[in-house]
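**Q** Once you've had a glance at the structure underneath, I'll fire off some questions.
Every number in this text was worked out from the coordinates using simple rules, so none of it is lab data. Being a predicted model, the structure only gives us computed values, none of them experimental. Backbone-built Cβ (ideal geometry, glycine too); neighbour counts: all protein chains shown.
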Amino acid sequence: MAQYLCVHATHPEPRLVRRAAAILADGGIVAYPTDSSYAVGCRIGAVDGLRRIRALRGIDERHHLALLCRDMADVGRYAHLDNRQFRMIRAARPGPFTFILKATRDVPRAFKHARRGTIGVRIPSHPFVRALLAALEEPLASSTLIPAGETDALADAAEVRARCEHVVDAVVDCGGTSAGLTTIVDLTAEPPAVLRRGAGDPATLGLVAAEAGEVG
């Protein structure tokens, strides 16, 4: 059964952040709130964790997962960036945008899109997630917490606990979330394509929303 961690929404307690980080470091998966909806994550190199997340979501290796990064340095280590892509991500950080980019060799094969060799990257603004990334000292493999066969993301900690406590190793409760999704921008396309309109406004990046895509 999952550990249940009640964490302050704006000033997360360091001991609870460290507990969540320790679970992840041991290869576990954690459900946590973000600046959009709830997500579930594991270490990028935790192959079994990635398998468990995909099983929970009902997705395969052709569905992008998101790599939650602390800063632009993390993004640059795990994704190939040209000057245009760098400027666009920097302008959107931190916030509810996920960007599709070509993965570098530092990204394990199990995390990449099986056909395209791409990943989704995101620099989140949620205080707990930022504290968790700092404690981990590495990015976090993440996916929006949409149970298999459903279309809506979970947004309430009590519901996440009731439905997922036997399939995740910890649930973090910082209060409710917006139940929204990130805006997905494919930066491998020319020009960049908005694949899904979510909480982030594409107009702030000079883009126009297109049809929905699959990531996160």
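**Q** Report the charge-dipole magnitude of segment 1-74 in Debye, nearest 20, computed about the Cα centre from +1 at each Lys and Arg Cβ and -1 at each Asp and Glu Cβ. If you can, show how the numbers build up before the last one.
**A** Working: 10 positive and 8 negative charges, 38 e Å.
Using only the charged Cβ atoms, the result is roughly 180 debye.
**Q** Considering the Cα trace of segment 74-216, what is its radius of gyration and what is Dmax, both in angstroms?
**A** Cα only, segment 74-216: 15.5, 45 Å (Rg, Dmax).
**Q** Where does helix 127-136 land angle-wise versus the long Cα axis of the chain, in degrees 0 to 90, nearest 10?
**A** Approximately 90 degrees, to the nearest ten.
**Q** May I ask you to sort 122, 109 by Cβ crowding, counting other Cβ atoms within 10 Å and putting the fewest first? Walk me through the numbers on the way to the answer.
**A** On the way: 122 32, 109 10.
Arranged by neighbour count, lowest to highest, 122, 109 become 109, 122.
**Q** Quick one: angle between helix 47-57 and the longest Cα principal axis of the chain, in degrees between 0 and 90, rounded to 10, please.
**A** 90 degrees
**Q** What is the dipole size for segment 87-154, taken about its Cα centre, with +1 at each Lys and Arg Cβ and -1 at each Asp and Glu Cβ, in debye to the nearest 20?
**A** On the way: 11 positive and 5 negative charges, 104 e Å.
About 500 debye.
**Q** Further question: Which ordering of 88, 72, 1 is given by a fewest-first count of other beta-carbon atoms within 10 Å?
**A** Least crowded to most crowded, the residues run 1, 72, 88.
**Q** Grab the DSSP H runs of the chain that are 4 residues or longer, score each as -39,500 (n - 2.57), total them, divide by all residues and round the 222 nm result to the nearest 500 deg cm²/dmol.
**A** Helix contribution divided over all residues of the chain: -8000 deg cm²/dmol.
**Q** Please give me the summed charge of the neighbours of residue 26: other residues whose Cβ is under 10 Å from its Cβ, Lys and Arg +1, Asp and Glu -1.
**A** Local net charge: 0.
**Q** By how many degrees, between 0 and 90 and to the nearest 10, does the Cα long axis of helix 83-92 differ from the longest principal axis of the chain?
**A** 40 degrees
**Q** With +1 assigned to the C-beta of every Lys and Arg and -1 to the C-beta of every Asp and Glu, and no other charges, what is the dipole magnitude of the chain about the Cα centre in debye, to the nearest 20?
**A** 560 debye
**Q** Order these by the 10 Å Cβ neighbour count, fewest first: 11, 80, 63.
**A** Ordered by Cβ neighbours within 10 Å, fewest first: 11, 80, 63.
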